[in-house]
1. Let me have the 222 nm mean residue ellipticity of the chain computed from DSSP H runs of 4+ only, each contributing -39500 (n - 2.57), with the sum over all residues rounded to the nearest 500.
2. Between I96 and K21, what's the calculated FRET efficiency when r is the beta-carbon distance and R0 is 25 Å? Round to 0.05.
3. Work out from phi, with θ = phi - 60° and the Karplus expression 6.51 cos²θ - 1.76 cosθ + 1.60, the ³J(HN,Hα) of each residue of segment 108-122, listed in order in whole Hz, and give x for Gly and Pro.
4. Going down the list K86/K118; K22/K77; K77/K132; K22/K86, which pairs span over 22 Å between their C-alpha atoms?
5. Subtracting the Cα-Cα distance from 0.36 nm times the residue separation, let me have the gained length for D28 to N119 in nm, one decimal.
6. Would you indicate which of (i) -0.49, -0.62, -0.96, -1.08; (ii) -0.33, -0.51, -0.86, -1.04; (iii) -0.22, -0.41, -0.87, -1.12 is the value of log10 I(q)/I(0) by the Debye sum over Cα atoms at q = 0.09, 0.12, 0.17, 0.19 Å⁻¹ derived from the coordinates of this structure?
7. What number, in percent, do you get for the relative contact order of the chain if the mean sequence gap of Cα pairs under 8 Å and at least 6 apart is divided by its residue count?
8. What's log10 of I(q)/I(0) for segment 73-134 at q = 0.17, 0.29 Å⁻¹, Debye sum over Cα points only, no solvent?
Amino acid sequence: MKKIKSICIIDDDPITVFGIKKMLNSFDLAEEIKTYVNGKEAIDEITSMIEQNIPVPQVIFLDINMPIMDGWQFLEKFLALEVESKIRINIVTSSIDPYDTQQFERFRSTSHHIIDFKNKPIRKNDILEITKAA
C-alpha cells in the first residue's frame with residue numbers, strides 16, 4: 001500500500017489521538033502525522049500551509065466536540081478555503097445527537113471533499129478503510 005504523505009488528527013481527547021496514531025503507525029500508513037487539540041489550531045496551520053503553497057494533509061480525522069473551535073466550525077472554515085485536491089475528512093465522534101448526523105449530511109452533500117462519519121472508538125478496520133480510500 002502506498003504511504004499517505006500527511007494525515008492530521010484534530011481531537012482534544014489524548015486517548016483517541018494516541019489510539020489513532022498507534023494504529024496508523026502500526027500499519028506504517030503515513031509519512032507524517034500532525035495532531036491538533038482544537039479546530040482553530042488546525043485551521044490556522046492549514047491556512048498557513050495554503051498561503052505558503054505547502055500541500056495540506058490528505059486525510060483528516062476530525063472530532064466534533066472540542067473547545068475553542070469545534071469540528072463543525074472547523075469544517076465550515078476548511079471548506080471555504082481553496083483546496084482543489086480531494087481531502088478525506090473523517091468525522092470521528094461519540095455523539096448520538098441527530099443534529100450531528102444532519103450536519104454531516106449537509107457538509108457531505110455540498111463539498112467536493114470525501115466526508116465520512118465514524119463513531120468512536122475507531123477500530124483497525126476503520127483505519128484501513130479510511131486510508132485505503134485516500
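1. Calculated at 222 nm, the ellipticity per residue is -13500 deg cm²/dmol.
2. The calculated FRET efficiency here is 0.50.
3. Coupling constants for segment 108-122: 4, 7, 10, 10, 7, 6, 8, 10, 10, 10, 10, 8, 6, x, 7 Hz.
4. Check vs 22 Å cut-off fails for K22/K77; K77/K132; K22/K86.
5. Value of the extension gain: 30.5 nm.
6. Derived directly from the coordinates: (iii).
7. It comes to 25 percent, rounded to a whole number.
8. -0.63, -1.32
Rule-based calculations on the coordinates, nothing more; no lab input. Being a predicted model, the structure only gives us computed values, none of them experimental. Ideal geometry is used to build each Cβ from the backbone, glycine not excepted, and the neighbour counts take in all protein chains shown.
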